[in-house]
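Coordinate-derived values only; no laboratory data. Computed from a predicted structure; not experimentally measured. Quick reminder, even Gly has a Cβ in these numbers, built from the backbone with ideal geometry, and neighbours come from all protein chains shown.
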Amino acid sequence: LLSMSTRIGQPLSRENLEKDVKAIYKMGYFQQPPKVQTERYGPGVRLIFQVAENPKVESITLEGNTLVPTEVLQETMTTKIGSVLNVRQLYEDLSQISSLYRKKGYIYSGIYNPSKQVQIDGTRIHIKVHESRIHSIEVKGNKKTRKHVIMRELLMEEGQIVHRDRVADSLRNLRNLDYFEMEQPEIALNPDSGDTDIILNVKDIKTGTASFGGGYSSVNGFVGFVDATERNFRGKGQSLR
């Protein structure tokens with residue numbers, strides 16, 4: 001009743017009734033939008049909203065979580081065994097599971113596709129948690145610096161679970177090389193597998209310097225020097241002077 005806009009004593013409005021049907025169904029406790037019936041009641045009408053309530057939850061199981069214990073995940077959920085299934089509340093619980101992973105640094109783990117990861121079989125709920133792994137690491141824009149020079153600075157590798165700190169520290173190591181300008185990396189979550197593809201965008205900069213000079217003294221006569229330095233010789237990350 002609190003979710004409805006229609007009140008006793010007000011004129012009957014079809015527009016308000018449609019809003020009420022949507023509001024009741026949006027609560028999440030019911031299997032389908034309620035059916036509305038009217039019947040004569042004194043000088044006006046009586047409204048009857050026929051609802052079909054969801055069943056009570058008998059079991060909640062989780063699988064795929066190795067980084068966060070099942071007990072911890074269940075504690076974050078408001079959906080409990082014995083309570084009437086609330087689909088809206090369940091989706092909020094799924095969001096909380098992903099949020100818990102993000103707080104621990106696992107930024108792409110948790111629930112990425114509820115329709116694929118959640119099964120509701122009558123009164124039983126089964127949740128497949130996915131801990132996103134690095135599917136591929138690709139480097140783009142390095143015309144001079146060789147790929148293995150870049151890859152050896154990374155603190156992440158293919159097959160590892162994606163962690164925020166490893167990504168940030170890897171990017172810091174690359175910037176510290178000062179061989180190229182770092183552009184924003186592309187990190188894409190594959191909607192089918194739930195794993196992550198990382199593209200590192202770099203732009204080579206000049207790493208060589210040269211200087212020269214000269215002079216004259218009565219002891220040595222004319223003297224001069226040339227100094228050339230290359231910090232990334234042949235793109236191998238080696239210094240030559």
| query | What is the spin-label model distance, in nm, from I48 to L12 if the labels are put 7 Å beyond Cα along the C-beta direction? | reply | 1.3
| query | Looking only at N173, N220, N54, which one moves most when the chain is put into a Gaussian network model with springs between Cα atoms under 10 Å? | reply | N220
| Residues with amide H under 5 Å of G110's amide H, sequence separation 5 or more or different chain, H placed in the peptide plane at 1.01 Å from N; which? | H130, E131, S132
| said: Can you give me the long-range amide H partners of Q160? Hydrogens built in the peptide plane at 1.01 Å from N, cutoff under 5 Å, separation of 5 or more residues or another chain. | reply: I134
| request: Give me the Kirkwood hydrodynamic radius of the chain, using the inverse of the mean 1/r over all pairs of distinct Cα atoms, in Å to one decimal. | output: 23.8
| remark: per DSSP, antiparallel bridges as share of beta bridges in the chain, % nearest 5, sits at 75
| Please state the Cα pair-distance histogram of segment 68-150 with 10 angstrom bins from zero: what percent is in each bin? | 15, 40, 20, 12, 9, 4, 0
| Quick one: Karplus J couplings for segment 144-159, per residue in order, coefficients 6.51, -1.76, 1.60, θ = phi - 60°, nearest Hz, x for Gly and Pro? | 10, 5, 6, 4, 5, 5, 6, 5, 6, 8, 7, 9, 9, 8, 4, x
| said: Could you tell me the center-to-center distance, by alpha carbons, between segment 45-97 and segment 170-220 in angstrom? | reply: 49
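Would you mind getting me the FRET efficiency between K206 and E186? Use the beta-carbon distance for r and R0 = 30 Å, nearest 0.05.
After rounding to 0.05, the efficiency reads 0.75.
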